Protein chains: 2
Amino acid sequence: MINFELIKSISMASPTRIVLLVIDGLGGLPNPETGKTELETANTPNLDKLAAEGICGLIDPVSPGITPGSSPGHLALFGYDPVSFNIGRGVLEAIGIDYDLQLGDVAARGNFCTVDKVGLVTDRRAGRISTEKCTELCQLLGDVVIDGVKLFVRPVREHRFVIVFRGEGLASDVSDSDPQQTGVVPRLITALSPEEAKKMASIASQFVAQAKIALAEQHPANMVLLRGFSKRPQFPTMGEIYKLKPAAIASYPMYRGIAKLVGMEVLEAGITIEDEFTTLKKNYTNYDFFFIHIKGTDSAGEDGDFDRKVRVIEEIDNALSKLISIEPDVIVVTGDHSTPALLKGHSWHPVPILLYSKWCRPDRVGEFSESACLFGGLGRFPATQIMLLAMANALKLTKFGA
Amino acid sequence: MINFELIKSISMASPTRIVLLVIDGLGGLPNPETGKTELETANTPNLDKLAAEGICGLIDPVSPGITPGSSPGHLALFGYDPVSFNIGRGVLEAIGIDYDLQLGDVAARGNFCTVDKVGLVTDRRAGRISTEKCTELCQLLGDVVIDGVKLFVRPVREHRFVIVFRGEGLASDVSDSDPQQTGVVPRLITALSPEEAKKMASIASQFVAQAKIALAEQHPANMVLLRGFSKRPQFPTMGEIYKLKPAAIASYPMYRGIAKLVGMEVLEAGITIEDEFTTLKKNYTNYDFFFIHIKGTDSAGEDGDFDRKVRVIEEIDNALSKLISIEPDVIVVTGDHSTPALLKGHSWHPVPILLYSKWCRPDRVGEFSESACLFGGLGRFPATQIMLLAMANALKLTKFGA
């Protein structure tokens, strides 16, 4: 088992550059009519060329059979064991709206919900109220102070919000109020460690009571549910582990947030795929590792839109010429998990990966696809090993042992 | 994860015999002109026949992406997790010259180096002085006694030497004096555990001071640098773990030394590849496990000599008839790591392996090569599992659990 201490002892800074292109939800399932997945359907001359000249394989983000969320999926790609390195739900929501969490803050994910006259939850999402309405209700709940602790309530999207608690002596191990079902009353928020978390449980409970009163006249959003109380984790940074100077190019806040947690600098990404590659080109000499995140494939997969996912992949392939033209020493293309349009959601299926470098041992794979990658020289392996392979191919790892 | 206790509980002595042939640095990278690696270029009818009748695969000595030194590479082949079972640099150098380290001895690797008038290191290798000069200087430094501790200074090759400290109460956790760079003074040797290592740090420091005086008039080797202070580790032996009576046939001292550390008996190997197989034949009835080490492939790879590596592989293949004719129950052929001539050094690429026995489940691989092994029945797996496979095929492991 390779740990960070070992990697630290053999990693070294060097002028070579690594680009990790993450096509969110890349892996798919075959369209029953054609027998081809989204990636296999797309016309991808650039990806196929990289696959033919490089080495391919399949990764398991967490483990065979496990469907990863975006956060474990990405942590694994950066070499962090996604089971030990955990980001709480509240923190994820906060970084997802670019909220500047401070050390010691406790964040929780909130839902506006609907309760009936006797207080039973009838809709956990309050009919998915508009983001405008959510913003208005967050302002109504206001930034308040309870027992000396500051509370910040911020809208996310539709019925979702974030609440951040800032003050002395706050522990995050308190239970959720969200019962995850309808027909019951919201749960009491209780301290899971009786002494340490007593204060946090009390303040969160007081907030819920205040919110109930403040929202009493609203409809359908007349109550709140909280879950995933958590603190910003302190992970060892990629700079410490790999001696890299890493940068993130991602147009969605959550991925920028995860990148920040592992010590990447976040660059202004722009909106389109083309924008992201322009950002890469502009900043290419200032960093030696680039994480580029493309969201459109996952969104299309989640919408069950097979054809749109195909089109996004083709758009990426087209923009790739820009990446290839700057000739990075190592290019890795993969995804954080599969999102087959057929399943309309993340899935457990392994994800195709290609690694292109001067020093890879090429295999016989001639195209970038799930079925071709199955016979690739990288074999099937845990995503947490990708960084080691990328570092090795960039000649940034010295020999282990004499 | 299979541990030694489990293996001990199922291993049993039996009359079957295993031969593990280690072709050092076996794996390679394709010659850009032909697209074939060293092994793929070589004409190897015997290896191909064994591959065709046996089962093939690829091993990762330490982990994908990790380039192993010879010591972790070999420990993994013998089933010892190379991250937990560590051999210090000083000990490795000592066993590399067949120095008979006793338990409690502390060994360090020394370099003769050049310092300028104010003591800054200008060449960490003293212009790579000849081995003759090194021998002469080691005699000049002499076997001395400091504070009751005996010091033995022994030449290795060129600027390299070994120093062994023998006496009561010596701990090995002291810092290196070798600064690993030029333009600075050698570092002070300090105790890393203040109490236990105080004596060792003091004696090593006194030795360095004496050496400085003794070498003052020499040029370019006018100073010494020490590093890798370590004690001979006490590993569980292969006899204890596998109930084997193992023997080593290796013409290079370091590999004999590692073999001794895991409890093998070291046989007189001779010089040539042919000699090694003659030794095997002569001793065949006295042991039930043979580790045969061939160095030439690694040396050629490190020299960047693609053609010589091909020739050494062909020479091995030729000598193999001798091995095949004695019909061992299990033959395993692999390497401790890859040494592609293109990289002129050890590398992280997985290593081809073939296992031949009456009881293997043959695959469709018809030749022994990196690209063919990719499709072998053994798949890609950690080198630490080789011994289990060899033992199983020799019918030396009973059922686990009822």
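Below are the figures for this structure:
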read-out	value
Extreme residue, farthest from B:Tyr287 (Cα to Cα), among residues of region B:17-37 that are among the β-branched types (Val, Ile, Thr) and either assigned to a helix (DSSP H, G or I) or open to solvent by less than 30 Å² (accessible area, probe 1.4 Å) (or both)	B:Thr37
Residue among B:Leu395, B:Leu343, B:Leu388 that alone is surrounded by fewer than 21 Cβ atoms within 10 Å (Cβ to Cβ), touching a residue at least 60 places away in the same chain (Cβ under 8 Å) and within 9 Å of another protein chain (Cβ to nearest Cβ)	B:Leu343
Cβ-Cβ under 7 Å pairs, at least 6 apart or on other chains, region A:313-333 side without any contact (Cβ under 8 Å) to a residue 60 or more places away in the chain, far side open to solvent by 10 Å² or more (accessible area, probe 1.4 Å)	A:Glu315/A:Ile273; A:Ala319/A:Ile273; A:Ala319/A:Glu274; A:Lys322/A:Lys281; A:Ile326/A:Lys281; A:Ile326/A:Tyr284
Filtered residues of region B:81-96 (kept if under 23 Å from A:Thr384 (Cβ atoms) and either in contact (Cβ under 8 Å) with a residue 24 or more places away in the chain or surrounded by 23 or more Cβ atoms within 10 Å (Cβ to Cβ) (or both))	B:Asp81, B:Pro82, B:Phe85, B:Asn86
Answer from A:Pro233, A:Pro220 - the residue that is open to solvent by less than 50 Å² (accessible area, probe 1.4 Å), out of contact with any strand residue (DSSP E or B) (no Cβ under 9 Å at 6 or more places or on another chain) and either outside any helix (DSSP H, G or I) or of a type outside the set (Lys, Arg) (or both)	A:Pro233
Conditions (1) out of contact with any strand residue (DSSP E or B) (no Cβ under 7 Å at 6 or more places or on another chain); (2) in a strand (DSSP E or B): number failed by B:Lys282	(2)
Residue ID - farthest from the other protein chains (Cβ to nearest Cβ), chosen from residues in region B:350-364 that are surrounded by 24 or more Cβ atoms within 10 Å (Cβ to Cβ) and either β-branched (Val, Ile, Thr) or more than 19 Å from B:Leu21 (Cα to Cα) (or both)	B:Ile353
Condition broken by B:Thr67, with the remaining ones in (1) hydroxyl-bearing (Ser, Thr, Tyr); (2) open to solvent by 10 Å² or more (accessible area, probe 1.4 Å); (3) within 14 Å of chain A (Cβ to nearest Cβ); (4) within 21 Å of B:Phe235 (Cβ to Cβ) satisfied	(4)
Evaluation of B:Ile87 against (1) touching a Ser or Thr at 6+ places or on another chain (Cβ under 7 Å); (2) within 29 Å of B:Arg109 (Cβ to Cβ); (3) more than 10 Å from chain A (Cβ to nearest Cβ) (one fails), failing number	(3)
Subset tally (residues that are in a loop (DSSP other than H, G, I, E, B) and either among the acidic types (Asp, Glu) or open to solvent by 10 Å² or more (accessible area, probe 1.4 Å) (or both)) for region B:366-385	7
Residue in region A:2-15 that is in contact with a strand residue (DSSP E or B) (Cβ under 7 Å, 6 or more places away or on another chain) and closer than 20 Å to A:His337 by Cβ present	no
Cross-chain or 6+ apart pairs with Cβ under 7 Å, region A:160-189 first and touching a residue at least 60 places away in the same chain (Cβ under 8 Å), then assigned to a loop (DSSP other than H, G, I, E, B) and among the aromatic types (Phe, Trp, Tyr)	A:Val162/A:Tyr99; A:Val164/A:Tyr99
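The values are calculated or read from the model by the stated rules, or taken from the named source; none is laboratory data. Bear in mind that the values here come from a model prediction, so they are computed numbers and not experimental data. Please note: Cβ atoms are built from the backbone with ideal geometry, for glycine as well, and neighbour counts cover all protein chains shown. These area figures cover heavy atoms from the full protein model, side chains too; ligands, DNA and RNA do not enter into them. Shrake-Rupley method; radii C 1.70, N 1.55, O 1.52, S 1.80 Å.
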